[in-house]
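> One structure is given below, represented as structure tokens, and several questions about it will come after.
Since every read-out is calculated from the coordinates, none of them should be taken as a lab result. On a predicted model such as this, the values are computed, not experimentally measured, just so you know. Positions of Cβ are backbone-derived with ideal geometry, glycine not excepted, and every protein chain shown enters the neighbour counts.
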Amino acid sequence: MKAYIRNFSIIAHIDHGKTTLTDQLLKRTGTVSPLEDAQRILDSNPIEKERGITIKLAPVTMIYKLKAISYKLNLIDTPGHVDFSYEVSRSLAACEGALLLVDATQGIQAQTVAHTREALDLGLVLLPAINKIDLARERVNDVIDQLEETFGFKKEDILLISAKTGEGIDELLQEIVNRLPPPGGEEDAPPRALVFNSIFDTHLGVIAFIRIVDGQITDQQSLTLIADQSPVSVKEIGIFTPNRKSVEKLNTGEVGYVATGLKDMRIVRVGDTLTEMLAAKSIQPLPGFRSPKPVVYADIFPTQEGNFNELKRAVERLKLTDAAIAIAQTQTKTLGAGFRLGFLGLFHSEITKERLQREQGVETILTKPTVEYEVITKNGEKLSIKHPSDLPDPSQINEIMEPMVIVIVVTPRSYLGPLMQLFQERRGIYQNTHYIGEQVQVVYELPLAELISGFVDQLKSVSHGFASLDYKHIDSKPVDALKLSILLNHQEVEPLARIVVRQYAQREGKAIVERLKEVLPKQLFAVPIQAAIGGKIIARETKAAARKDVTAKLYGGDRTRRMKLLEKQKKGKQKLAQLGRISLPQEIFTQIMKA
């Protein structure tokens with residue numbers, strides 16, 4: 001019966017103890033043995049375990065007994081990084097309630113604010129809990145004040161726990177049952193299930209993680225996905241305990257999985273509605289669905305030009321397990337054949353590169369990420385620009401639009417001045433300020449291009465690591481931008497090109513050529529390093545030639561012999577400079593991409 005089901009999520013900033021709390025809940029409910037090392041049970045990816053950030057969601061069903069009644073508690077974990085905010089929203093949509101977990105040592109952080117507001121917008125009932133009270137009992141009252149002031153909670157409704165020691169966990173479990181509502185939905189209606197995640201299995205195909213909203217799903221039904229109209233041949237249905245456990249049916253309000261047998265991850269999309277094929281035309285799809293839209297783009301190449309086919313196979317295998325990546329083939333003179341990849345954010349791009357290396361054994365060069373610009377030409381045509389080389393001739397451009405984000409930063413008050421200075425330097429547009437106890441929340445509009453260009457590192461620097469950040473995408477705005485080209489020995493290096501704001505073009509060009517001069521290996525001839533806009537050089541450095549003493553074998557005697565050898569060397573260097581192509585080692589590219 002759905003009256004004995006509780007579907008909930010945990011809203012928490014990174015490092016506030018969400019995974020440790022999950023481990024405690026699993027042990028207290030007997031889902032895993034108290035002797036078992038439950039640490040990181042839900043974070044199955046090794047990269048997740050190392051970084052302490054959940055990338056893929058892993059639900060789990062726990063059986064909890066209270067007053068002789070068995071309750072089914074379905075915890076739907078959420079990604080812990082802002083790049084995956086859409087997945088967070090769909091996970092929250094699969095729940096009726098959420099635990100709001102706040103670290104007693106740090107207080108409310110930016111991600112806490114953003115996800116809590118989203119949960120409230122979705123109508124979820126929130127259960128606030130202050131974690132790590134064993135480390136900072138003296139700060140508990142301050143954090144209670146923050147929760148009261150920011151979200152309007154009452155002091156008596158806020159739970160005090162320590163996920164590490166287990167203090168307050170029993171009371172928390174009781175309050176999950178008592179204060180979070182059971183699921184709604186019509187048990188006799190045609191089946192509707194929300195897809196909130198999917199993974200790929202070699203034998204079972206795409207496995208959809210689902211929440212049954214109406215009706216029931218059995219292993220004998222013919223199902224379909226409404227958005228894609230794709231038929232689903234059910235291989236297996238089941239629940240997570242936390243490992244997959246097959247069952248015959250899933251009822252209204254329950255959380256589980258369906259093994260679809262499909263071999264293409266792109267068909268099973270987060271937010272889609274799964275239903276019975278016979279009822280598909282009359283079923284109203286669940287609200288909130290949208291296809292994943294990449295917001296950051298970068299080109300990826302093999303470190304050795306002849307390894308393209310190996311990279312191609314690796315990228316295709318990766319696509320099976322990550323449907324959010326957009327893929328298109330590309331070609332450059334400098335690095336040869338590669339792929340232009342679209343990501344959900346900068347963190348997503350870093351994880352992808354790391355997965356290619358670890359899971360597929362492929363070493364790659366990833367170019368500096370860029371955002372998608374929209375160019376409106378003088379004849380009214382709209383062009384999507386994902387790489388500087390795609391920009392049309394400036395004479396054909398009427399307007400360039402760049403993507404914007406709303407950035408929320410929470411920081412101690414003492415860092416407010418340097419923080420606002422940073423936003424000003426990065427073309428930020430001030431929105432508002434809100435004080436939360438000893439902390440302050442600052443909201444700015446910011447170009448996405450600025451956010452992905454070292455902004456987070458600078459934020460950590462000016463706040464000594466105390467500031468936290470969250471963002472969401474908003475409409476694009478016009479920008480005066482142009483293509484900055486980098487030339488080595490008068491030849492353009494396409495992967496080093498970038499789109500820059502006109503007023504900062506010279507500064508950026510100068511920084512890149514100076515950095516290149518530092519890291520470029522010496523050649524047998526002097527190498528001009530230039531930054532150019534169109535045909536105009538705006539910055540230049542010269543890498544001196546490696547010196548070779550051609551007169552070392554001479555022993556005194558006629559001075560003219562020495563001069564002839566030096567003149568011959570000079571002419572040889574001039575010829576090399578005319579014909580020579582500079583080969584950039586991988587480590588040089590890696591260093592420059594971060595510049």
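> Can you compute the FRET efficiency between GLU149 and SER233 using 1/(1 + (r/R0)^6), with r the Cβ-Cβ distance and R0 = 41 Å? Round to the nearest 0.05.
Numbers: r = 53 Å, r/R0 = 1.30.
Given R0 = 41 Å and the Cβ-Cβ separation, E is 0.15.
> Let me ask you something else. Tell me, in nm to one decimal, what length is gained between GLU167 and GLN284 on full extension, where the rule is 0.36 nm per residue of separation less the Cα-Cα distance? List each step's numbers first, then the result.
Details: separation 117, 0.36 × 117 = 42.12 nm, distance 4.48 nm.
Contour length minus the Cα-Cα distance gives 37.6 nm.
> Based on the Kirkwood radius over alpha-carbon pairs, what value in µm²/s does the Stokes-Einstein equation return for the translational diffusion coefficient of the stretch 484-528 at 20 °C and 1.002 mPa s? Don't skip to the end; give the middle numbers.
On the way: Rh = 11.4 Å.
In µm²/s, the coefficient rounds to 188.
> Output the antiparallel fraction of DSSP beta bridges having both residues in the stretch 2-179, as a percent to the nearest 5. Can you show the working numbers first?
Numbers: 7 of 25 bridges.
Approximately 30 percent, going by the DSSP bridge assignments.
> Counting only helical runs of four or more DSSP H residues, what would the 222 nm mean residue ellipticity of the chain come to if each run contributes -39,500 (n - 2.57) and the total is spread over all its residues?
On the way: 13 runs with 151 residues, N = 595.
Rounded to the nearest 500, it is -8000 deg cm²/dmol.
> Also, I was wondering about something else. With the crude spin-label approximation of a point 7 Å out along Cα→Cβ, what separation in nm comes out for ALA189 versus ARG117?
Using points 7 Å along Cα→Cβ, the separation is 3.0 nm.
> Here's something else I'd like to know. Translational diffusion coefficient, Stokes-Einstein: compute it for the stretch 445-554 using the Kirkwood radius over C-alpha pairs as Rh, at 10 °C and 1.306 mPa s, and state it as an integer in µm² s⁻¹.
On the way: Rh = 16.8 Å.
Answer from the Stokes-Einstein relation: 95 µm²/s.
> Calculated FRET efficiency, LEU383 and ALA526, Cβ-Cβ r, R0 45 Å, to nearest 0.05?
Working: r = 39 Å, r/R0 = 0.87.
With R0 = 45 Å, the Cβ-Cβ based efficiency is 0.70.
> Test of understanding: express the Cα radius of gyration of the stretch 244-341 as a ratio to 2.2 N^0.38 Å, with N the residue count.
Numbers: Rg = 19.0 Å, N = 98, 2.2 N^0.38 = 12.6 Å.
Here the Cα radius of gyration is 1.52 times the empirical estimate.
> Charges at C-beta only: +1 for Lys and Arg, -1 for Asp and Glu. How large is the resulting dipole of the chain about its Cα centre, in Debye rounded to 20?
3540
> Can you pull the Kirkwood radius for the chain, inverse mean 1/r over Cα pairs, to one decimal in Å? The partial results should precede the final answer.
Values: mean 1/r = 0.0369 Å⁻¹.
For the chain, the Kirkwood estimate is 27.1 Å.
> Need one number: nm distance between label points at GLU518 and GLN503, each 7 Å from Cα along Cα→Cβ, rounded to one decimal.
For the pair GLU518/GLN503, the computed spacing is 2.7 nm.
> Dipole size in debye (nearest 20) for the stretch 192-282 around its Cα centre, Lys and Arg Cβ +1, Asp and Glu Cβ -1?
Details: 10 positive and 10 negative charges, 25 e Å.
Dipole about the Cα centre, nearest 20: 120 debye.
> Moving on to the next point. Cross-link list LYS312/LYS333; LYS235/LYS263; LYS378/LYS483; LYS67/LYS245: which exceed 20 angstrom alpha carbon to alpha carbon? Provide the component values of the computation, followed by the final result.
Working: LYS312/LYS333 18 Å; LYS235/LYS263 13 Å; LYS378/LYS483 18 Å; LYS67/LYS245 27 Å.
From the list (LYS312/LYS333; LYS235/LYS263; LYS378/LYS483; LYS67/LYS245), the Cα-Cα distance tops 20 Å for LYS67/LYS245.
> Largest first and to the nearest Å, give the Cα extent of the stretch 134-287 along each principal axis.
58, 33, 27
> Along the positive direction of the dipole of the stretch 380-524 (beta-carbon charges: Lys, Arg +1; Asp, Glu -1; about the Cα centre), which of VAL462, VAL500, VAL479 reaches farthest?
After comparing all options, I get VAL462.
> Sticking with this one: So what does log10 I(q)/I(0) come out to for the stretch 301-439 at q = 0.18, 0.20, 0.22 Å⁻¹, using the Debye formula with one equal point on every Cα and no solvent?
Log10 I(q)/I(0), no solvent term: -1.04, -1.13, -1.25.
> Can you list residues whose amide H is under 5 Å from GLY238's amide H, if they're 5+ apart or on another chain and H is modeled 1.01 Å from N?
VAL247, TYR257
> If you don't mind, there's one more thing I want to ask. Checking the cross-link filter: which aspartates and glutamates have an alpha carbon closer than 18 Å to that of LYS472, excluding same-chain neighbours under 8 positions apart?
ASP83, GLU87, GLU118, ASP121, GLU372, GLU402, GLU445, GLU450
> How long are the semi-axes of the equivalent ellipsoid of the stretch 380-462, defined as square roots of 5 times the Cα gyration tensor eigenvalues? Whole Å, largest first.
With the √(5λ) rule applied to the stretch 380-462, the semi-axes are 33, 13, 9 Å.
> May I ask you to derive the FRET efficiency for ARG28 and GLU156 from their Cβ-Cβ distance with R0 = 22 Å, giving the value to the nearest 0.05?
Numbers: r = 23 Å, r/R0 = 1.06.
Approximately 0.40, to the nearest 0.05.
> Sticking with this one: Sorted from largest down, what three extents in whole angstroms do the Cα atoms of the stretch 296-368 have along their principal axes?
28, 22, 16 Å, listed from the longest principal axis down.
> Figure the gain on full extension for ILE429 and ALA328 (residue separation times 0.36 nm, minus the Cα-Cα span) and round it to one decimal in nm. Numbers along the way, then the final one.
On the way: separation 101, 0.36 × 101 = 36.36 nm, distance 3.41 nm.
Full-extension gain reported as 32.9 nm.
> Can you give me the angle between helix 140-151 and the longest principal axis of the chain, using Cα atoms only, in degrees from 0 to 90, rounded to the nearest 10?
Roughly 90 degrees between the two axes.
> Using the basic label-point model (7 angstrom from Cα toward the beta carbon), what is the SER222 to GLU310 distance in nanometres?
Here the modelled spin labels are 4.7 nm apart.
> What ratio of Cα Rg to 2.2 N^0.38 Å holds for the stretch 2-179? Display every interim value, and only then the final one.
Numbers: Rg = 15.1 Å, N = 178, 2.2 N^0.38 = 15.8 Å.
Relative to the 2.2 N^0.38 Å estimate, the stretch 2-179 comes out at 0.96.
> Hey, another quick one. log₁₀ I(q)/I(0) of the stretch 58-127 at q = 0.13, 0.18 Å⁻¹, via Debye over equal Cα point scatterers, no solvent, to two decimals?
-0.44, -0.77
> How far, in nm, would the chain grow between ASN398 and ILE537 when pulled straight, counting 0.36 nm per residue and subtracting the alpha carbon separation? Write down the numbers at each step before the final one.
On the way: separation 139, 0.36 × 139 = 50.04 nm, distance 2.38 nm.
Answer, rounded to one decimal: 47.7 nm.
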